[in-house]
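A short worksheet on the structure shown next.
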Amino acid sequence: MTFSRYPTAQLAAVVVVLTGVFISAVSPGRATGAEPTNTRAIERGQRIVSAGHSFHMFVPALLARMAADADIEGHQQTARQSIGGSYVHQHWNRADDQNVVKQSLKTGEVDVLTLSPIYLPDDGIENFTRLALETNPDIRITLQEFWLPFDVYAPDYKKSRPQPVDRNSRTAADLREIYAPYFASMDEHVRELNKKFDKQVLYVVPAGQATILLREKILAGEAPGLEQQNDLFRDAIGHGTPPLQALVAYCHYAVIYRRSPEGLPIPAILDAKTYGEHAEALNRLLQQLAWQAAREHPLSGVK
């Protein structure tokens, strides 16, 4: 991989309000009861296990490169388990002799487990959390928000496939309204489980919130190299193009290491052949938005 460097930039925080209800990941406030209390930056490389679907499993390789570029020693992706279109409970129910997630957690040598649920609740999350805490009471488990398949809130989309949507037709207000129930369900589930386990063990990676921020930038004509919202998606369901993949990986970096990704080199997936003179500015924007989303989400563990 080849990389180039650029100066660090900063971006002001934004508070988004919808019909009197805060969308949690873009609210600077901290509600009581289930929010992370330890928000110090992580200096030591983390041993990570990942389980998820195609909206998540590109993250481990990108994250490893980011950790190396940040001179974080000891970062390890010790195991990964991929099931297409999977709920977390599908990973939990995989046969024990084939379940690398369970096998890894039982060793007690995992610092972070990254999961990518679809819609919630999902009892696989609680099952993995209980198992993980048995061998490592200090483990952190991250749940990646996703960008909604087909751009609609449809928990039964696997049974009744929504009609493909023209994402370019969405306004910022449309996006906030569509995503609000999904974000609320994620936050509620995380708070309930943290309360049940009597500690902050589960954290939210606000990839969905960051995606909305990026789409708003595209709508405003402020996303270098991106002309339309559809530039972020490869197909109707919403598999991400390189800019969206990089944004999501930066969100994971921010939450796992509690550090800003600003100033990291351009990842190879944002190659100059495709993004040309816009590559550096686009990469800088993705880093800023990931850090903004992480800092403003009350359940990210980032301050």
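The values are calculated or read from the model by the stated rules, or taken from the named source; none is laboratory data. Quick caveat, the model's predicted, so the values are computed rather than measured. Here Cβ is always computed from backbone atoms with ideal geometry, including for glycine, and neighbour counts include all displayed protein chains. The protein model used for the area step is the full one, side chains on, heavy atoms only, and it has no ligands, DNA or RNA in it. Shrake-Rupley method; radii C 1.70, N 1.55, O 1.52, S 1.80 Å.
Residues in segment 231-280 that are in contact with an Asp or Glu (Cβ under 8 Å, 6 or more places away or on another chain) and either more than 18 Å from Ile218 (Cβ to Cβ) or polar (S, T, N, Q) (or both): 4 in all. Selection of segment 133-150 for residues being open to solvent by less than 60 Å² (accessible area, probe 1.4 Å) and under 19 Å from Val205 (Cα atoms) yields Ile139, Arg140, Ile141, Thr142, Leu143, Gln144, Glu145, Phe146, Trp147, Leu148, Pro149.
Among residues of segment 73-90 that are free of Cβ contacts under 8 Å to residues at least 40 places away in the same chain and farther than 16 Å from Val59 by Cα, those with a Cβ under 8 angstrom from a residue that is open to solvent by 70 Å² or more (accessible area, probe 1.4 Å) and assigned to a loop (DSSP other than H, G, I, E, B), sequence gap 6+ or separate chain, pair up as Glu73/Arg44; Gly74/Arg44.
The numbered conditions (1) touching a Ser or Thr at 6+ places or on another chain (Cβ under 7 Å); (2) under 20 Å from Thr171 (Cα atoms); (3) surrounded by 22 or more Cβ atoms within 10 Å (Cβ to Cβ) are all true for Arg215 except (1). Given Phe183, Phe128, which one is in contact with a His (Cβ under 8 Å, 6 or more places away or on another chain), open to solvent by less than 30 Å² (accessible area, probe 1.4 Å) and under 26 Å from Thr39 (Cβ atoms)? When all the criteria are applied, what remains is Phe128. Selection of first residues in segment 192-210 that are more than 11 Å from Glu126 (Cα to Cα) and part of a helix (DSSP H, G or I) and of second residues that are modelled with pLDDT of 95 or more and charged (D, E, K, R), restricted to Cβ pairs under 9 Å at least 6 apart or on distinct chains, gives the following pairs, ordered by first then second residue: Ala207/Glu145; Gly208/Glu145; Gln209/Glu145; Gln209/Glu296; Ala210/Glu145.
Out of Leu264, Leu226, I need the residue that is crowded, with 21+ Cβ neighbours inside 10 Å and farther than 30 Å from Val112 by Cα. Which one?
Just a single option satisfies the conditions, and that option is Leu226.
Does Ala236 count as more than 24 Å from Glu296 (Cα to Cα) and outside any helix (DSSP H, G or I)? Against the criterion (more than 24 Å from Glu296 (Cα to Cα) and outside any helix (DSSP H, G or I)), Ala236 qualifies.
The residues in segment 87-125 that are more than 20 Å from Ile256 (Cα to Cα), open to solvent by 10 Å² or more (accessible area, probe 1.4 Å), part of a helix (DSSP H, G or I) and of a type outside the set (Phe, Trp, Tyr) can be counted, and the count is 11.
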